[in-house]
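No lab work stands behind these numbers, since they all come straight from the coordinates. For clarity, every value in this text was computed on a predicted model and none was experimentally measured. Glycine gets a Cβ as well: all are built from the backbone with ideal geometry, and neighbour counts include every protein chain shown.
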């Protein structure tokens, strides 16, 4: 089953006049769709936690959120931990 992506959930410097998407769209999609739900654009461990709480099954992470420090392993581990409490089972 192919994932369905939604985004952008944070303000973006290149389009400051375009409002971010409502996080509630993730809840709605996860209730109505069997496909994995992906939150896209400028995700890091800080805003990723919020998106997972709104039922994102995956995060499309900006490279520097994971690799922009000497703590690459720690950053990746922190992102993975966001999903440990997930109860949704995806049908594949």
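Exposure proxy shown here: for 57, 32, the number of other Cβ atoms within 10 Å sets the order, fewest to most, as 32, 57.
Classify segment 4-81 from the C-alpha gyration tensor, please: rounded if a/c falls under 1.5, else prolate or oblate depending on whether a/b exceeds b/c. Taking the square roots of the gyration eigenvalues as a ≥ b ≥ c, segment 4-81 is oblate. Counting other Cβ atoms within 10 Å as a rough exposure proxy, the listed residues 30, 85 run 85, 30 from fewest neighbours to most. When 43, 25 are sorted by how many other C-beta atoms sit within 10 angstrom of their C-beta, beginning with the fewest, the order is 25, 43.
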